[in-house]
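To start, the structure itself, in structure tokens.
The values are calculated or read from the model by the stated rules, or taken from the named source; none is laboratory data. Treat the numbers as computed from the prediction; the structure is a model and nothing was measured. Neighbour counts are summed over all protein chains in view; Cβ atoms, including those assigned to glycine, are modelled from backbone coordinates with ideal geometry.
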Amino acid sequence: MLWLCLHFPHLPIELRQPPDPGAAAIAARIGPRSILIACNAQARAQHVATGIDSISAVARIPELKLIEREPAAEKRALRALAVWSEQFSSEVCLDTQRWMLWLEAGASLHYFGGFEAFIAALQQGLATLGYTVGIGIAPTLEAAAILAHPQLQGHSRIVRTRKALLPALAPLPLQLLALAPEAHAGLRDSGLGTIGAVLAVPSAALARRFGPDLTRYLQRLTGAAADPRIFHKPARSYRRRLEFVAPVASLEGLLFPLRRLFFEFQGFLRARDSAVQSLRLQLLHRDAPPTMLELRTTDPERRALRLFSLLREKLERLVLPEPACEIRLEADQFIAPGDTQLSVLEDRTQRDANWSALLDKLRARLGDHAVRGLGLNADHRPERAWCIQTQSGEAQLPDAFPDRPLWILEPRPLRQLPKLMGHPERIETGWWDAAEARRDYYIAETDEGARWWLYRDAITHEWFLQGLWA
Amino acid sequence: MPSYPLPLCNPTDATALLAVLQGEARIWRGRDLAPVTARPTGFAALDHCLPGHGWPVGALTELLAVREGIGELSLPLPALRALCAQEYPIAFIAPPHIPYAPALRKAGIPLSRLLWIDTASDNDARWAAEQILREGGAGAILLWSDTQEGRALRRLQLAAETGRALAFLYRSAARRAHSSTAALRLVLESCAEGLAIEVIKARGGRTGRVVLEAVRAAAG
């Protein structure tokens, strides 16, 4: 086994979308003190770093925005990243306390053709999602975590074999070990400085002094003991929630986090080699009922940007009853890209996938019913001889079908009759259902030269205009 | 003012000078030299009147009908039929009435090539037309919009120029006096002999008048 660790050192602050415009930091209460656990780039640029307490941070940057830690949001963000990373590896496990994910990398390496390409693909994808990441590769989970540490500099982050592991870890400083603060202090007080020095101490002596947890951790680190984890289970359906700290009313405020959500979703689809034709989005409000949006695409789609631009069309035209406090993205039905779930209007233009993208765009903005096709109905009554059609397939008219006007109207009663031309056409039908009709149809010409299609109801003798010879 | 280096030639040799000037893209050549790409309308008498002998491709054609029911929709049908035969989709955008499927089918338009877009507002209709024109896959669009905004017309003309579709804009004849960026503007009126077409603007051609008989072949 070879593990690739993804460490997100700024996860608590980077999960906030849109990013805070000024210096901002996440603070957590640890005992009596409030300590910074993550800072954004603006804060870091002004020498406010993780680990210092809130009071001294604000002393350094008076306008610093302090945000209370939200462990639930961190968990959700990391789980979403785990779902996203399924596209790179079938075995994924995570540690929500330490903001880390591990992917089994051995199998994926063959697929990507080497470490460089694999790491580059991961880095690029995570940059799109907007996360800073440290990446380390090692035969054990904990060793990979150490190699992914952001403070590790000038040291190779890749160790391929168990044999190379100990020599690679030995010179690294003690602080990189994932231990409780008391254990760190104790080791430092014993005069130990490097991981190698700690590993050289007999484990019985370490266990006596620091308890069994430390020795067990070291055994998992070196691979001397197994490191069983609960693997992340791929879900059958997609559910993603995002809560806003402050309700969002603006379009930009919604689009920013949605963009990330869609890229996460793209990872989910890629992992399953599948695509969607429909996707549900709910915007939850404090008091009003949720706003439901449904995205439908003509062809199976998996590209985040395509789905995102369709959603954007819909959102731009949406009036929210009140600001949104939560977003939920859901999808249940997945299909292989290329298969079509519904037979729709545009498959004749398969030669051009852009055409169906266009139809999707039109539907997203104008509504599904605004974009239609026309079909024929075998019915003698003119108003029933046509239909709105969403499926393709060419209808044929019977031979010797009589001439008909290009515009058909709802029959309108006529008070004044224009000049009638030629012989009437008797249309008599429909006795088998309620809408029985017996009519005599005429072509007529108005004084202004327009041609109308009229009929006289053979029962009531009333005249109606039903078409225009446009 | 920037100076442009022109290729050297003898200024007394008119033919050589003309050849050089014609090779210069930034020199606007007169209407007789500017070729207009067009598709036959299916009516020889009308083709004869139009620059490029047909409906301009990648440009806006304005059809200003004096009233409904005079053959205003029959006029582009032969060109639409030819486009459908080449498997191009055709879009009707915001038509004023229901396009009658049996009549269109009988006129030789395969219904599967036809897209009918119904919009709630004129803005949406023009937006849809622009999207379709810019996508480039459609053979023709027919848009019914009575907009008076010069900017809206310019946007449509620009969108039409990005593709190779025929772009028909139906407006009421009340707009004939308004200026328009459309490449071709026709006023349609019925007369005793059939459909009278007045060419009130033709980029790269001349204005004029032509009467077509039997445009509404179906109506008596």
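Of the residues making up the range A:384-400, just one is among the acidic types (Asp, Glu) and more than 9 Å from every other protein chain (Cβ to nearest Cβ), namely A:ASP399.
Within the span defined as the range A:252-270, every residue fails to be of a type outside the set (D, E, K, R), assigned to a helix (DSSP H, G or I) and more than 30 Å from A:GLN17 (Cβ to Cβ).
Taking the range A:444-470 as the range and being of a type in the set (Lys, Arg) and facing chain B (nearest Cβ under 8 Å) as the test, only A:ARG451 passes.
Among the residues of the range A:49-87, the ones that are under 20 Å from A:ILE35 (Cβ atoms), assigned to a helix (DSSP H, G or I) and in contact with a strand residue (DSSP E or B) (Cβ under 6 Å, 6 or more places away or on another chain) come to 2 in all.
Counting the residues of the range B:82-107 that are of a type in the set (A, V, I, L, M, F, W, C) and either at the interface with another protein chain (Cβ under 8 Å from one of its Cβ atoms) or assigned to a loop (DSSP other than H, G, I, E, B) (or both) gives 6.
Checking each residue of the range A:279-288 against the condition of being at pLDDT below 90 and of a type in the set (Asp, Glu) gives no match.
Restricting attention to the range A:354-378, the residues that are more than 8 Å from every other protein chain (Cβ to nearest Cβ), free of Cβ contacts under 8 Å to residues at least 12 places away in the same chain and within 22 Å of A:PRO300 (Cβ to Cβ) add up to 1.
Here A:LEU187 does not qualify as under 30 Å from A:ILE119 (Cα atoms), of a type outside the set (Val, Ile, Thr) and touching a residue at least 12 places away in the same chain (Cβ under 8 Å). Pairing each residue of the range A:241-269 that is closer than 14 Å to A:GLY130 by Cβ with any residue that is aromatic (Phe, Trp, Tyr), provided the two are 6+ apart or on different chains, yields C-beta distances under 7 Å for A:LEU258/A:PHE308; A:ARG259/A:PHE308; A:PHE262/A:PHE308; A:GLU264/A:TRP84; A:GLY267/A:TRP84.
For the structure I just gave you, tell me whether B:SER74 is at the interface with another protein chain (Cβ under 7 Å from one of its Cβ atoms), under 23 Å from B:SER145 (Cα atoms) and either part of a helix (DSSP H, G or I) or of a type in the set (S, T, N, Q) (or both). It is true that B:SER74 is at the interface with another protein chain (Cβ under 7 Å from one of its Cβ atoms), under 23 Å from B:SER145 (Cα atoms) and either part of a helix (DSSP H, G or I) or of a type in the set (S, T, N, Q) (or both). Condition check for B:TYR100 on (1) of a type in the set (Phe, Trp, Tyr); (2) more than 24 Å from B:ARG216 (Cα to Cα); (3) crowded, with 22+ Cβ neighbours inside 10 Å: one failure, at (2).
Within the range A:371-385, which residues are of a type in the set (A, V, I, L, M, F, W, C) and either touching a Gly at 6+ places or on another chain (Cβ under 8 Å) or surrounded by fewer than 18 Cβ atoms within 10 Å (Cβ to Cβ) (or both)?
Matches in the range A:371-385: A:ALA378 only.
Selection of the range B:161-185 for residues being part of a strand (DSSP E or B) and over 30 Å from A:PRO402 (Cβ atoms) yields B:ALA167, B:LEU169, B:ARG171, B:SER172, B:LEU184, B:ARG185.
Considering the range A:401-428, the residues that are within 16 Å of A:ALA450 (Cβ to Cβ) and within 7 Å of chain B (Cβ to nearest Cβ) include one that is surrounded by the most Cβ atoms within 10 Å (Cβ to Cβ), namely A:LEU406.
Checking B:SER121, B:SER190, B:SER145 one by one, the residue that is polar (S, T, N, Q) and free of Cβ contacts under 8 Å to residues at least 24 places away in the same chain is B:SER121 and no other. If you filter the range B:197-217 down to residues that are within 14 Å of another protein chain (Cβ to nearest Cβ) and buried (at least 19 other Cβ atoms within 10 Å of the Cβ), you find that the one that is modelled with the highest pLDDT is B:ILE197.
Taking the conditions (1) at pLDDT below 90; (2) in a helix (DSSP H, G or I); (3) buried (at least 21 other Cβ atoms within 10 Å of the Cβ) in turn, A:LEU221 satisfies each one other than (1). Scanning the range A:228-242 for any residue that is aromatic (Phe, Trp, Tyr) and at pLDDT below 90 turns up at least one such residue. Given the criteria facing chain A (nearest Cβ under 9 Å) and without any contact (Cβ under 8 Å) to a residue 24 or more places away in the chain, does B:LEU111 qualify? Against the criterion (facing chain A (nearest Cβ under 9 Å) and without any contact (Cβ under 8 Å) to a residue 24 or more places away in the chain), B:LEU111 qualifies. Quick check on the range B:126-140. Is at least one of its residues closer than 24 Å to B:GLU198 by Cα and in contact with a Gly (Cβ under 6 Å, 6 or more places away or on another chain)? Within the range B:126-140, none of the residues are closer than 24 Å to B:GLU198 by Cα and in contact with a Gly (Cβ under 6 Å, 6 or more places away or on another chain).
From the list B:SER179, B:SER190, B:SER172, exactly one residue is more than 30 Å from B:GLU87 (Cβ to Cβ), of a type outside the set (Asp, Glu) and crowded, with 23+ Cβ neighbours inside 10 Å. Which is it?
The unique qualifying residue is B:SER190.
Flag: A:ILE158 matches the condition of being touching a strand residue (DSSP E or B) at 6+ places or on another chain (Cβ under 6 Å) and surrounded by 13 or more Cβ atoms within 10 Å (Cβ to Cβ). The residue of the range B:128-142 that is nearest to A:ARG363 (Cα to Cα), among those that are surrounded by 19 or more Cβ atoms within 10 Å (Cβ to Cβ), more than 7 Å from every other protein chain (Cβ to nearest Cβ) and of a type outside the set (Asp, Glu), is B:ALA129.
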